[in-house]
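The structure appears right after this line, and notes come after that.
The values are calculated or read from the model by the stated rules, or taken from the named source; none is laboratory data. Keep in mind the model is a prediction, meaning the values are calculated, not measured. A quick note on method: Cβ atoms are made from the backbone with ideal geometry, for glycine too, and the neighbour counts reach across all protein chains shown. Accessible surface is based on the protein model in full, side chains and every heavy atom, while ligands, DNA and RNA are left aside. Shrake-Rupley method; radii C 1.70, N 1.55, O 1.52, S 1.80 Å.
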Amino acid sequence: MSSSSVEDIPDQCKDLFTQDGVLLKSCSGCSINELNSIGMLCIVRNPDGTKCIEWRPNDLITIDSDTQDQEWAVVNTIGRRQRTLSGNMTSDYATARARIIKIPLDDLKTFRVSRNNQQMQFSTKHGVWQMILYFQHGNAEIFLANLKTHVKTAKSRHERNAYVVVESNTEAQVLNKSFAELDIFTENPTDVVWGFVSNLRQRPYATTMEAFSKLTDIVYNGNEAMNDKRDMSEEVADLLTKSISAMEDTTTTTKSDEYEVISVKPTLPPRPCIPRGTPLSTEKWEGLQDTEGRVAEVDGVKQLIFRGGVAHSIRHAVWKYLLDYYPWNMGHSEIKNLQRRKTEEYFSMKLQWRSMTEGQESRFSEYRDRKSLVEKDVNRTDRTHPFFTGDNNPNLVVLQDILMTYVMYNFDLGYVQGMSDILAPILLLLGNEVDSFWCFAGFMDRIAPNFDMDQAGMKQQLLHLQQLLTFASPELAHHLAQKDSGNMYFCFRWLLVWFKREFSHRDIMRLWEVLWTGLPCANFHLLICVAILDAEKDILISKDYGFTEILKHVNDLSMRLDVDKILSAAEGIYHQIVSAQHLTDQIRVIIGLPTVGTTSQTEGDDDSGDESPTGSQSEAASHSRSESTSHLRSEATTVNGNGTENNDQRVLFTPEMDEVTLEYNGLQISIVTKTVWALLA
Amino acid sequence: MAKTYDYLFKLLLIGDSGVGKTSILFRFSEDAFNISFISTIGIDFKIRTIDLDGKKVKLQIWDTAGQERFRTITTAYYRGSMGIMLVYDVTNEKSFENIKNWIRNIEENASADVEKMILGNKCDLDAKRQVSKERGEQLAIEYQIKFVETSAKDSLNVEYAFYTLARDIKAKMEKKQEASNPPGARSGAHQLRANEQQRKPTSWLSRCSVL
Ligand SMILES: Nc1nc2c(ncn2[C@@H]2O[C@H](COP(=O)(O)OP(=O)(O)OP(=O)(O)O)[C@@H](O)[C@H]2O)c(=O)[nH]1
Ligand SMILES: [Mg+2]
């Protein structure tokens, strides 16, 4: 246990929370040498029971031969020493100690979160920011949540994302007040709360469970009469999540001293093994078209493609429909007209940049920059494939021309790296410049947010992925969060170019055409990620891979993945999720199901003061919601037709749901209240 | 388990898209060059262990995507870097001008005392050159950072650059260790900074580039 070595330190301070990789940007009264250094941010309990925020510089680098085998153990920091080493270290510990920056929580007046949740400012005096910290990796959310368990705060009325410390509270006081507000207990709340607190010390699990069950009855089980009192105060929520996290530890280690709490975590239903189908064949495709070439059974065609993809011989035809170049209901003659129009449109856009003179170009730096980016990437796109290989390959010119014309088609977006990867397989298949352009444009319409200037689209997807993984593979999500990888950045490449770099040409065509159907749910590509990661779960966890190894392992999966296996697993995971008893609105929104409003964590919990991401996120969420309703409608028919699912039924049952789902560090922890009662009985 | 190295250094390659970061890394880690390399999406790293004054130094070298809009993601990986190679392309003026922005980016996202080095890559392409070696040197003096022109293609100065950066990190680290361990030392890190100030970057320019 680490706590025993803490006792060796003369001060006997206890770290209640630590976060690495925090840059000290400014601090009044501290040595200039420390500014812009990286350190560890902690919440510390002093021997006298008071608490403070500490920032410790990270730069006492030394060789620690005992822990040689761990990749990063070689870089040893003060914080680490304090926890792991003993003996002959007190003198440099004292030296280091003098460089630590402290803000006692009793003195803390205000703090503010800004810059995409990555920066925090602290003030102990009105109008002056004492210390500014930059969270280099991830963000301040977890620290903020933790800090809020130690001080009572209110949102500032004057400043966005700022919090005023109301009082540096003991937990009991917070509980006392909040429980009183909740009006749960018929007895005198003060007595109950004190009883709770003292019980908590002696019998933590039973007490916590008991309190939950009472609280949750009111907060979560739809007690109508209580509606106006339902806004459970932040502090209670934090306390609950904190206790839950303590309890969660015991549930993962199977047994606590007092109870066997195995059934506490709701599990997903078993994963159905759904075999892949055969590709849409020429005969079937022709059979689905009427004499004019119109396709009426669009849903049916999409179902077939979702199941088995498209036979290669008809891909060049079918992709044009899947990518919204040809409307499904258009006959041969109309399509001829459409083609003519689109061809003219394409060449007029192409002419725009082709007719640019050298002089014009020299005065148009934005255009020049884009052109040079395109050139660089065209030379580096799939050059090992015979279609693009060789020095003066004419196909490279076509690739370049389409991308440049796309710049004129969508100048706001322009050219972003990754687009050449998206275009290459399309051009390779279709060969024709105009058709490839319009199919590419159709694909881009779906994934344009990936290329946003501010990367909001990517960040949102990474967040959604994290949330889906937390639901579908909680142990892995927990492991990743512990290894500083909860932001899922290591999946960036997968999402940006829809796995283009992870599969062979043959396989990427299969994966893409399946994903283009939009079945079986919105954001199915995120479930592909979940399926790939879930298959690697045992390795990642059992080898205790850290930040670095996780990235390497994931990068190295490239070209070693089995597309059919992954599609099948992802579909299985989809069914697990939608039939889970504890399905939350948060997950519903991501996969495009209508929300049912029984759980509270979808909105509400984001009190972290995040500026732009929150804004764009809820915007996008509502967008995807409206988008998905229509999608759902078409799906509902097929689903009900199969007789496998019935969403309406689930909606009816949900208010009776006897689980509580809370979010902790981005992890969802659900507790079955009935189980709790059974345990307590 | 047998000890496979004495030190582990995390290094980072940054610079505009297409300046040759991946090619430099490929040259250093595999001793090869591939004209049709793919652009970097996201981030990756390679490992090479080198021998430095009798010590085995494992270099973990991170390669990032150069395009500006990916920076919010790539900067997350700056954490813990001990050395950074700032790369520009001598045939591309813009990539040279952007070095200043990259330095600002480092200041915001990496530890203040990270060792830095500027590389002017593709110096084999003399006919297309837009940035003279003198301008590179001038910039390096301005920022007090070491500088060398390289060619990943012709394998020129790539080894030299990594060895130099690694040696500097090692020296700094050993100094810090000394500074933090002398008997009865007070405020070791501050002394260290004072020492560093004296090490003015004048002598190294002469032995820097052999072009
Ligand atoms: N002549 C010459 N060409 C080079 C050299 N280094 C790289 N290149 C070429 O420059 C192009 C870009 O090189 P990359 O290594 O992919 O560039 P990068 O900096 O990694 O680019 P991003 O991954 O987009 O950030 C490739 O076509 C390389 O072949 C060099 O030293 N000499
Ligand atoms: Mg690269």
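The C-beta contact set for region B:13-37 (first residue more than 10 Å from chain A (Cβ to nearest Cβ), second residue in a helix (DSSP H, G or I) and within 6 Å of ligand 1 (Cβ to nearest atom), distance under 9 angstrom, 6+ apart or interchain) comprises B:Leu13/B:Lys21; B:Leu13/B:Thr22; B:Ile14/B:Lys21; B:Gly15/B:Lys21; B:Phe33/B:Ser23. Among the residues examined, B:Glu115 does not qualify as surrounded by fewer than 22 Cβ atoms within 10 Å (Cβ to Cβ) and more than 8 Å from chain A (Cβ to nearest Cβ).
Candidates are the residues of region A:298-322 that are outside any loop (DSSP other than H, G, I, E, B) and among the small types (Gly, Ala, Ser); the one that is surrounded by the most Cβ atoms within 10 Å (Cβ to Cβ) is A:Gly308. Summed over region B:1-18, the residues that are more than 14 Å from the chain's Cα centre (by Cα) and near ligand 2 (Cβ under 10 Å from one of its atoms) give a count of 2.
Filter region B:118-129 down to residues that are open to solvent by 40 Å² or more (accessible area, probe 1.4 Å) and away from ligand 2 (no atom under 16 Å from the Cβ) and give me whichever is farthest from B:Ser23 (Cα to Cα). So the residue we want is B:Ala127.
Of the residues making up region A:379-426, just one is at the interface with another protein chain (Cβ under 10 Å from one of its Cβ atoms) and under 20 Å from A:Phe347 (Cβ atoms), namely A:Tyr415. The condition (being farther than 22 Å from A:Ser37 by Cβ, of a type in the set (S, T, N, Q) and surrounded by 18 or more Cβ atoms within 10 Å (Cβ to Cβ)) is satisfied by just one residue among B:Asn92, B:Asn105: B:Asn92.
Restricting attention to region A:372-392, the residues being more than 14 Å from ligand 1 (Cβ to nearest atom), touching a residue at least 40 places away in the same chain (Cβ under 8 Å) and assigned to a loop (DSSP other than H, G, I, E, B) number 1. Out of all the residues in region B:67-88, is one or more touching a residue at least 12 places away in the same chain (Cβ under 8 Å), more than 27 Å from A:Leu463 (Cα to Cα), more than 14 Å from ligand 1 (Cβ to nearest atom) and within 11 Å of chain A (Cβ to nearest Cβ)? Yes, some residue in region B:67-88 is touching a residue at least 12 places away in the same chain (Cβ under 8 Å), more than 27 Å from A:Leu463 (Cα to Cα), more than 14 Å from ligand 1 (Cβ to nearest atom) and within 11 Å of chain A (Cβ to nearest Cβ). Of all residues in region B:154-167, those satisfying the criterion of being touching a Lys or Arg at 6+ places or on another chain (Cβ under 7 Å) and either surrounded by 19 or more Cβ atoms within 10 Å (Cβ to Cβ) or on the phi < 0 side of the Ramachandran plot (or both) are B:Val158, B:Thr164. Across region A:323-344, the number of residues qualifying as open to solvent by 80 Å² or more (accessible area, probe 1.4 Å), part of a helix (DSSP H, G or I) and either under 23 Å from A:Leu429 (Cβ atoms) or in contact (Cβ under 8 Å) with a residue 24 or more places away in the chain (or both) comes to 4. Any residue at all in region B:46-64 that is within 13 Å of ligand 2 (Cβ to nearest atom) and facing chain A (nearest Cβ under 9 Å)? No - not one qualifying residue is present in region B:46-64. Under the condition of being surrounded by 16 or more Cβ atoms within 10 Å (Cβ to Cβ) and of a type in the set (Lys, Arg), the residues counted in region A:345-360 number 1. Determine which single condition B:Ser17 fails, assuming it passes every other condition in (1) more than 16 Å from ligand 1 (Cβ to nearest atom); (2) open to solvent by less than 20 Å² (accessible area, probe 1.4 Å); (3) not in a strand (DSSP E or B). Just one mismatch for B:Ser17, condition (1). Scanning region B:30-60 for residues that are out of contact with any Ser or Thr (no Cβ under 6 Å at 6 or more places or on another chain), more than 12 Å from ligand 1 (Cβ to nearest atom) and either under 28 Å from A:Gly418 (Cβ atoms) or open to solvent by less than 40 Å² (accessible area, probe 1.4 Å) (or both) returns B:Glu30, B:Phe45, B:Ile47, B:Ile50, B:Leu52, B:Val57, B:Leu59, B:Gln60. Only a single criterion out of (1) of a type in the set (Ser, Thr, Tyr); (2) more than 7 Å from ligand 1 (Cβ to nearest atom); (3) crowded, with 17+ Cβ neighbours inside 10 Å is not satisfied by B:Thr4, namely (3). If the condition is being surrounded by fewer than 23 Cβ atoms within 10 Å (Cβ to Cβ) and more than 14 Å from every other protein chain (Cβ to nearest Cβ), then region A:473-502 contributes A:Ser473, A:Pro474, A:Glu475, A:Leu476, A:His478, A:His479, A:Ala481, A:Gln482. Residues of region B:130-152 that are in a loop (DSSP other than H, G, I, E, B) and either away from ligand 1 (no atom under 16 Å from the Cβ) or buried (at least 18 other Cβ atoms within 10 Å of the Cβ) (or both): B:Val131, B:Ser132, B:Gln144, B:Ile145, B:Thr150, B:Ala152.
The residues of region A:448-496 that are acidic (Asp, Glu) and closer than 22 Å to A:Ile541 by Cβ, listed by number, are A:Glu475, A:Asp484.
Residues are listed down the side, and each one gets a yes or a no for (1) among the small types (Gly, Ala, Ser); (2) under 30 Å from A:Gln19 (Cβ atoms):
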| residue | (1), (2) |
| --- | --- |
| A:Met404 | no, no |
| A:Gly457 | yes, yes |
| A:His464 | no, yes |
| A:Gln482 | no, yes |
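Here is the figure for region A:283-297: residues that are open to solvent by 70 Å² or more (accessible area, probe 1.4 Å) and within 43 Å of the chain's Cα centre (by Cα) total 6. Taking the criterion of being part of a helix (DSSP H, G or I) and of a type in the set (Ser, Thr, Tyr), would at least one residue in region A:555-575 satisfy it? Yes, region A:555-575 contains at least one residue that is part of a helix (DSSP H, G or I) and of a type in the set (Ser, Thr, Tyr).
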